[in-house]
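Quick one: this structure, given as structure tokens, is what I'll be asking you about.
The values are calculated or read from the model by the stated rules, or taken from the named source; none is laboratory data. Everything quoted here is computed from the prediction, not taken from an experiment. Please note: Cβ atoms are built from the backbone with ideal geometry, for glycine as well, and neighbour counts cover all protein chains shown.
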């Protein structure tokens, strides 16, 4: 019964969000509450929500101050030279820009953090996409693909898989390097194709690099006097130094990310806009985006808190793998690789890797399948290619919010390509002899 209610709750949430009939904030709060009531655990709802909020609070704080920090730095003109440099490198040909987007996201994601990848890549390139009239969904999708396929030994899914199955991460990752290379080739090919499709949509021919591309509605290539007044070119080096320190400190993990961004935001404010009035104006300018992000993240905390605390996630995990036909037992890694990405829409990373994966590995072991293959199959999609579109991770809301794209629109556009990346890598693993049919 509990597993059925859990499945109905998650499917209802996905259907509501994908249909754009209800805002994600409202859906993330009301649907799990209704599910908990239906499951007969209503008295525990307040406690579940509080527990979920406690876990999400540092993440929400980081995102709020990250939005303020990068917003202030953008106002001060920090990203303008970077955007201009990218424009000079790739020209004004959308197919080159999309490939450049994937490359930039791939390089930034080497630190293993999807949040850092999106926080740096998307704000830097969104003005370029807007200037050329390109579809922002392409920006969100290409960045998501590059970050999703770029699973590394120090990324969350790999570490969770190793810990859950008591396997060294090198044992899991090293045989998959060739598979990942093929996956990255797929990402760049798709990115190029999406760019070519944008060229056709914009009516550009073979000489798109030299063509004059009209600005999209409401976006002009030039900056207003008010925007130029906010620029601080004399403080460019100082702002670069602050940004590098903030990013480096966060990547190294020396200080909690929320503390880093809080301090960075305070420094950015007082250095670039010394007066209290100017500081209030800059905070007000970005408060809407920060508040919306915080609201959605806390709502996501309520959702995961209810689903985890009530035991619905655990019950669903056990029911999902309790009956496996003998005919498909030896093929569990291939099947798991095929469905790993969609499973990101149903299970948060901790629930899957610590709740579902050990059970799958145990079942597979009865058919002579090594646990390492189960771990490798999971990494081909579960919270790798799946994390930028899963409603169970804050990164999904971050990439959609930073791109200025509705969550449902981002999911409808990106899910087919991310799913295809998982399929390509799974078939590659079979071809390389890592998995057997």
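Among the listed residues 334, 405, 356, 374, identify the single one that is over 22 Å from residue 168 (Cα atoms) and either touching a residue at least 60 places away in the same chain (Cβ under 8 Å) or under 22 Å from the mean Cα position of the chain (by Cα) (or both). Walk me through it before giving the result.
Details: 334 fails: over 22 Å from residue 168 (Cα atoms); 356 fails: over 22 Å from residue 168 (Cα atoms); 374 fails: over 22 Å from residue 168 (Cα atoms).
It is 405.
Only one of these conditions is not met by residue 395: (1) crowded, with 21+ Cβ neighbours inside 10 Å; (2) without any contact (Cβ under 8 Å) to a residue 40 or more places away in the chain. Which number is it?
(2)
Looking at segment 30-52, is at least one residue more than 26 Å from the chain's Cα centre (by Cα) and within 27 Å of residue 271 (Cβ to Cβ)?
no
Tell me the residue from 339, 328, 360 that is surrounded by fewer than 23 Cβ atoms within 10 Å (Cβ to Cβ), touching a helix residue (DSSP H, G or I) at 6+ places or on another chain (Cβ under 8 Å) and not assigned by TED's automatic domain parsing to the domain that holds residue 190, please. Before you say what the answer is, go through the steps one by one.
Working: 339 fails: touching a helix residue (DSSP H, G or I) at 6+ places or on another chain (Cβ under 8 Å); 360 fails: surrounded by fewer than 23 Cβ atoms within 10 Å (Cβ to Cβ).
Testing whether each residue is surrounded by fewer than 23 Cβ atoms within 10 Å (Cβ to Cβ), touching a helix residue (DSSP H, G or I) at 6+ places or on another chain (Cβ under 8 Å) and not assigned by TED's automatic domain parsing to the domain that holds residue 190 leaves just 328.
Determine which single condition residue 154 fails, assuming it passes every other condition in (1) under 22 Å from residue 394 (Cβ atoms); (2) part of a helix (DSSP H, G or I).
For residue 154, the failing item is (2).
Being in contact (Cβ under 8 Å) with a residue 40 or more places away in the chain and more than 19 Å from residue 115 (Cβ to Cβ) is the filter here; which residues of segment 258-272 pass it?
Those that are in contact (Cβ under 8 Å) with a residue 40 or more places away in the chain and more than 19 Å from residue 115 (Cβ to Cβ): 269, 272.
How do the helices (runs of 4 or more DSSP H) wholly within segment 223-324 filter down when requiring 2 or more residues that are modelled with pLDDT of 90 or more and surrounded by 19 or more Cβ atoms within 10 Å (Cβ to Cβ): which remain?
Details: elements: 225-230, 236-252, 257-272, 276-309, 312-321.
In segment 223-324, the matching helices (runs of 4 or more DSSP H) lie at 236-252, 257-272, 276-309.
Search segment 38-54 for residues that are farther than 18 Å from residue 2 by Cα and pair each with any residue that is surrounded by fewer than 13 Cβ atoms within 10 Å (Cβ to Cβ) when their beta-carbon atoms are under 8 Å apart and the residues are at least 6 apart or on different chains.
Final answer for the pair search is none.
Could you figure out which of (1) within 16 Å of residue 397 (Cβ to Cβ); (2) surrounded by fewer than 17 Cβ atoms within 10 Å (Cβ to Cβ) isn't true of residue 66?
So residue 66 meets the others, but not (2).
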